[in-house]
Structures are given as structure tokens and as C-alpha cells.
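A short write-up of the structure that comes next.
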Amino acid sequence: MVRFILKRIFFETIPSLIVIATITFFLIRLAPGGPFSTEKSISPEVLTQLNAFYGLDKHLFTQYLTYMARIITFDFGPSFKYPGRTVTELIAESFPVSLELGVYALCIAIVSGILAGLIAASKPSSLRDYLTMSISMGGICIPTFVMGPLLVLLFSLILGWFPVSGWNTFSNRILPSITLGMVYIAYIARLTRGGLLDTMVQDYIRTARAKGLPERLILIRHALRGALLPVLSFLGPAAAGLITGSFVVETIFSIPGLGRFFVAAAFNRDYTMIMGTVVFYAFIMISFNTIVDVLTALVNPRLRSSLR
Amino acid sequence: MPIELNNVVTSFHLRKSVIYAVRGVSFTVKDKEIIGIVGESGSGKSVLALSLLQLIPRPPAIISGEAVFDNVNLLSCDPSQIRSIRGKRISMIFQDPLSAFNPFMQLSDQIIEPLIYHDRVSKKEALEFAVDLLTQTGISDAHHKINTYPHQFSGGMLQRAMIAMALITKPAFLIADEPTTALDVTTQAQILDLLKMFQQKFLMSIIFITHNLGIAATFCDRINVMYAGTILECGVTNEVFRHTAHPYTKALIRCVPSLDNPADSLQMISGSLFDSSQPLTGCPFAARCDYSNEYCRSTPCTLEEVAPGHASACVRIKKGEISL
């Protein structure tokens, strides 16, 4: 398994990251404007000096090479918009917040999603099936920027159970976690249900019934494992997206997470910040997909030989 | 332990039509007897077998009639009662061993499941018992192999494992649904020997479903020939093969390839299976039968004894109009 992971890192992760970094580097330079074009009163002398300080006066290709050499040592350079601070510092500061929020949201989504899927699939086409599935359909359809304020209105303003915004106490974490996890609950519930309906008609389920096992045991012991494979492959990209933060949720609840940087950096043409967030996000995404591949092979014994 | 089937009917009620898979089957399996059910694909053999343990999803299926086992009607007893019988007193072996085992679970966990669930045996004890049973089925190094997954086994080995799984609770009755169909000929013979050995050891009754007449002839004490959900001929194995009393059975026997005269190598029965959505008015085989006449098509046929221990549903045979 160690060999499999090493192989993945050297032949997949690193090449992908280089390609992504290269494409991003040139694409953002193609976009009109630059990091200092929004400043109103900036004299040409200052601009020349700024460009010289950040190395923007050099040939684009030279800039590319210096930049690539630098990110190998995990140095993403200074931010253009947050003077005196490096991109690495900013990410290191805000990522733990997003990670924490993402992990809560992920836990909520996995537990409630699988539970809802089990409830729905335990009696297909019944009232409880339709009810669970339409609620989860609603969860997919309602966007977070509606769900967030609705939850705040109900639980903070009317009931007064949780604070409206902020990130200081544990009760601060509850509403944003639910808001962020909501959409994923729905996806996981639908995937679990679909997977269960597929496995419940397999011959080996009939064998389990012929052994006299009760339905609940068959559902959990025999059917769930195979049914969770599609959920697992969905969880890779989903988890990567969740722990890297959401601009919308972080804005609604004033959370100092990583999500806002993705959007702010792009608007500000903060070149180094864009590069930093994109490469970081890509790294997380690729890592989680590798983790999912390992987990899938662990769940499915027929794939275990692929880990060698 | 005997089972007495009395007018078992299994029909599937779909939105626009009704499929009659089993149309009133009655027979008795005596104690320690191996009874064969033979017939073409689609004749209702498997549905009958699955109906006996309520393994057909209801709805859409409706099962009526009686299958009495130890004073319990298997077809209508409540779910908890049938669960206590399944895998404990009546076990089942399926056709395709690779799909019948759960690919995500180790064989050991699957084989000991009935014992742990029904008899509350400890896992350690159950495993010892399973290894012993697996060794008896001819799997060498069983204590090691039991910890593998189904895909690591060959078809023949898996079928042995399935036999061990079915017999681990020492059931009084076994339903074997084409247990050798997915296997090659030499493995078939080994599996049949194995089943016979266990049948004598555990004193089981067996319902043995097959479309292979050769296997039925060597393995079963008595044979039921099934077609379109009904039994057309039944009797002691020798009697059915020596003094065949139904044109369908005759046609089936003729279809068995023979090495003696390869010139007319592969015979078949012309025509197609009786439409299972149609109600039965006469003999279901009449449309494909060389001997049929108008009377056959319009007169409902019932099994009647033609010789001691041998019954046929063919009206013309019963009236002595034809002989095969």
C-alpha cells in the first residue's frame, strides 16, 4: 500500500500539480488588469517600484521559472494585497478554521445522509421513502445563501439558541456546519439509497435471506458495504471541497476561513494568492481522491490487488 | 423430515398482466428422500423452490396453496416463523456460487452466519465447526482458505463452501436449485457425490432441481417433470425413464445428446414454451406435442396413476390411445 501511495504521489500528484500551476500562472496573466490597477492615485514611479519589488518587470517566462522554483519549497511568495504577509502564512492561518468547519459539516453529511438513505431504502416506494427523498431533494435545491440566513432567522433570531455569527465558541460552529453540510446530506442520502436498491436485488442478498437472517441485519451487514461504494467515490471531491472552505458560508457567518480568499484573490488580481489557493486546493483534491482510491480498495476485496 | 405440497400456485401480478409461474403443484417429499424436479428453463422449477421458503418478493407475487413441513404451512406462516426455519431446518443451495456469495465478506463470516444466528454458538466454536465441515467437502487447508474472499475461490470450491454453509446447522431438508449447472462435468460428479454423502449422514430430504436429465436419473429417488408450472409426469426414477408416460418427458429424453448416434446429434423440441400469462385450458404441452389432438387442447389435464408409483397427466396415455 505504501508503494501504491508513493507511486501515486510521484507519477500522478506531482505532475498534475505542475500542470495545474503552469496553466493557472499563464491564465491569470492573460486576464485584463493587474494587482495594482484598482488603486486610484498611484504615481508611475511608485508603480514601477512596486513592479520591480514583486518582480513583475521581468520577462513573463523568467517570472514563471522563479515562481516554480519557489513553490517547490512551499514558498508561495508575498501577497500583493496583504502587505508584509506571505501567502503561505495566510493559508496556514485560515485553513485550520475551514478544516474544522468542513470536518463538522462532513460528519453531519455522512451520518445523516447514510441514515436517511437506509431509512428510504428499507422500504422502497413507501411513505417514508418518498418523505426522506423529497426532503433531501429540497436540501439539494435550496442554495446555501438561502439556507444560511433561514437557519439564522429561525435558530438565532427567533429561538435564540445559537449566536448569529462569529467563530469564538463551539455554539458558533453549529449553524454554519449544518448549512455547509445540508447539500451533501442530500447527495449522500440519494447515493446510499440508490446503492442499496441496487445491492438488495443481488443474488447474495437472496442467499442471506435463505439463511434466515432478519431484514435489518441483511441491510446493514450484507447490503450496506457494497452500497457505499458510490458514496465513497463521491466523498473524495466532496470532502476536498468542504474542508477548503466555502465563500458563501464564511461570508454569511463571518468566519475567518480560507474560502473567502479564493474569491477575493481573483477579484484583486492577487497573483501569488491565486496561485497559492489554486495549487493548495488542487493538492487537497488530488490527495483526497487518492485516499478514496485506497479506501475503495479496502472496502472491495476484489480491488485489493490494485494497491500493490 | 417430509414436506407435503398441496396445490401450490405462484403468480406475479403485474400492472397489465398476470404471470402464472407455478400453476397448482402437489407432491410429497418423504423422509430422507431425494426428489428431482426436471424441466426446461422457464418451467417454474426455481420459482417453486423459492416459493417454499417465501423467498419470492410479495408483492408482486401471490403464493397460495400449502407446503406443510412439521405441521407448519411454509407458504403462509408469518415472517419470523419462516426466518426461524430458513437456514436452520430447511437450507437452500443456489445455482451460481459466485453471485450467491457476498463479494465483500470473507467466506468464514458467511459460512458461520446461520450457526451464529440460529444456534447462538460462539464465533470460535462456529469457525471450528465450519473448518471441519469444509474439510469434509474436500477443501484442503480449510482453516486457512476459510479466511479468503469468494473471488479467490474457483466455482467448484465455492459450491463446496455453499454446501458447507447450507449444512452447517444440520438441516432436515435441503432445496438444491440447479447446484451443478454452473460447473464442469467432473466437478458436477464430485458435488453430487458430496451431496449424497451428506444426505446419508444428516438423514436429509432433498428437493433437487435440474434441467439435466442424466443427473436426475442417477441422483434422485423420484422425479417430477415440470412444464409451464405444472407437473406432467412423476414417479420413481427408473419407472419414469424406462416406461415414460408423457410425450414431454419422452421429448426431453430424446434431447439428451448421445455419443452412440452423433449423426442426428442435437435434438430439440420445436415450438416455444407455453405463454405463462395465458390461463390453462388443456394440456400446456399440446401445442408442441407430436401426439396431440383437439381433445388434448380442450381438456384440463390432471396427474393420474398409470402404474404403481407412477403418474402422468397425458390424457391420451391414460386412455391408452398412444404408447411411447
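Each row is one residue, and each column tells you yes or no for (1) of a type outside the set (S, T, N, Q); (2) crowded, with 21+ Cβ neighbours inside 10 Å; (3) touching a residue at least 12 places away in the same chain (Cβ under 8 Å).
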{"residue": "A:Phe253", "(1), (2), (3)": "yes, yes, yes"}
{"residue": "A:Gly257", "(1), (2), (3)": "yes, yes, yes"}
{"residue": "A:Ala265", "(1), (2), (3)": "yes, yes, yes"}
{"residue": "A:Thr272", "(1), (2), (3)": "no, yes, yes"}
{"residue": "A:Tyr281", "(1), (2), (3)": "yes, no, yes"}
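Please state which of the following conditions A:Leu60 fails to meet, knowing it meets all the rest: (1) in contact with a helix residue (DSSP H, G or I) (Cβ under 8 Å, 6 or more places away or on another chain); (2) without any contact (Cβ under 8 Å) to a residue 40 or more places away in the chain; (3) within 25 Å of A:Leu242 (Cα to Cα).
(3)
Looking at region B:56-104, which of the residues that are within 12 Å of another protein chain (Cβ to nearest Cβ) and among the basic types (Lys, Arg) is surrounded by the most Cβ atoms within 10 Å (Cβ to Cβ)?
Among residues in region B:56-104 that are within 12 Å of another protein chain (Cβ to nearest Cβ) and among the basic types (Lys, Arg), the one surrounded by the most Cβ atoms within 10 Å (Cβ to Cβ) is B:Arg86.
State whether one or more residues within region B:150-164 are part of a helix (DSSP H, G or I) and modelled with pLDDT under 85.
Yes: region B:150-164 contains one or more residues that are part of a helix (DSSP H, G or I) and modelled with pLDDT under 85.
Quick one: would you say B:Asn147 is buried (at least 18 other Cβ atoms within 10 Å of the Cβ) and in a loop (DSSP other than H, G, I, E, B)?
Here the answer is no, as B:Asn147 does not meet what is asked.
Quick one: count up the residues across region B:177-195 that are more than 18 Å from B:Met92 (Cβ to Cβ) and part of a helix (DSSP H, G or I).
Qualifying residue count, region B:177-195: 7.
In this structure, does A:Arg260 turn out to be within 18 Å of the chain's Cα centre (by Cα), more than 30 Å from B:Leu107 (Cβ to Cβ) and not hydroxyl-bearing (Ser, Thr, Tyr)?
yes
Check whether at least one residue in region B:251-269 is touching a residue at least 60 places away in the same chain (Cβ under 8 Å) and touching a Leu at 6+ places or on another chain (Cβ under 7 Å), and report yes or no.
Yes, region B:251-269 has at least one match.
Taking region B:305-324, which residues are touching a residue at least 12 places away in the same chain (Cβ under 8 Å) and touching a strand residue (DSSP E or B) at 6+ places or on another chain (Cβ under 6 Å)?
Correct list: B:Val306, B:Gly309, B:His310, B:Ala311, B:Ser312, B:Ala313, B:Lys318.
Take the conditions in a helix (DSSP H, G or I), small (Gly, Ala, Ser), within 12 Å of chain B (Cβ to nearest Cβ) and crowded, with 17+ Cβ neighbours inside 10 Å and apply them to A:Ala239. Does it pass?
no
If I filter region B:1-53 down to residues being basic (Lys, Arg) and not in a loop (DSSP other than H, G, I, E, B), which single residue comes out as farthest from the other protein chains (Cβ to nearest Cβ)?
Going through the qualifying residues, I end up with B:Arg23.
Which one of A:Phe53, A:Phe61, A:Phe95 is of a type outside the set (Val, Ile, Thr), over 30 Å from B:Arg58 (Cα atoms) and modelled with pLDDT under 85?
Sole residue among the options that is of a type outside the set (Val, Ile, Thr), over 30 Å from B:Arg58 (Cα atoms) and modelled with pLDDT under 85: A:Phe53.
Any residue at all in region A:4-27 that's at pLDDT 80 or above and more than 30 Å from A:Leu235 (Cα to Cα)?
Yes: region A:4-27 contains one or more residues that are at pLDDT 80 or above and more than 30 Å from A:Leu235 (Cα to Cα).
Please state which of the following conditions B:Glu33 fails to meet, knowing it meets all the rest: (1) closer than 17 Å to B:Ile175 by Cβ; (2) crowded, with 18+ Cβ neighbours inside 10 Å.
If we test B:Glu33 against (1) closer than 17 Å to B:Ile175 by Cβ; (2) crowded, with 18+ Cβ neighbours inside 10 Å, just (2) comes out false.
Any idea which of A:Val183, A:Val146 is within 17 Å of A:Val249 (Cβ to Cβ), of a type in the set (Val, Ile, Thr) and surrounded by fewer than 13 Cβ atoms within 10 Å (Cβ to Cβ)?
Only one candidate passes the filter, namely A:Val146.
Could you please give the count of residues in region B:154-191 that are farther than 20 Å from B:Leu52 by Cβ and either among the small types (Gly, Ala, Ser) or touching a residue at least 60 places away in the same chain (Cβ under 8 Å) (or both)?
The number of residues fulfilling the criteria is 9.
Kindly provide the set of residues from region B:151-201 that are surrounded by fewer than 21 Cβ atoms within 10 Å (Cβ to Cβ), out of contact with any Ser or Thr (no Cβ under 8 Å at 6 or more places or on another chain) and among the small types (Gly, Ala, Ser), ordered by number.
B:Ser154, B:Ala182, B:Ala189, listed by residue number.
Within region A:283-304, work out how many residues are without any contact (Cβ under 8 Å) to a residue 24 or more places away in the chain and buried (at least 17 other Cβ atoms within 10 Å of the Cβ).
Total meeting the criteria: 2.
Residues of region B:54-94 being in a loop (DSSP other than H, G, I, E, B), over 19 Å from A:Gln202 (Cα atoms) and of a type in the set (Gly, Ala, Ser), which ones?
B:Ser76
Looking at region B:110-144 only, could you name the residues that are farther than 14 Å from B:Met162 by Cα, surrounded by 17 or more Cβ atoms within 10 Å (Cβ to Cβ) and not hydrophobic (A, V, I, L, M, F, W, C)?
The answer is B:Tyr117, B:His118.
The values are calculated or read from the model by the stated rules, or taken from the named source; none is laboratory data. All values derive from a computational prediction rather than experimental measurement. Note that we place each Cβ from the backbone using ideal geometry, even for glycine, and neighbour counts take in every protein chain shown.
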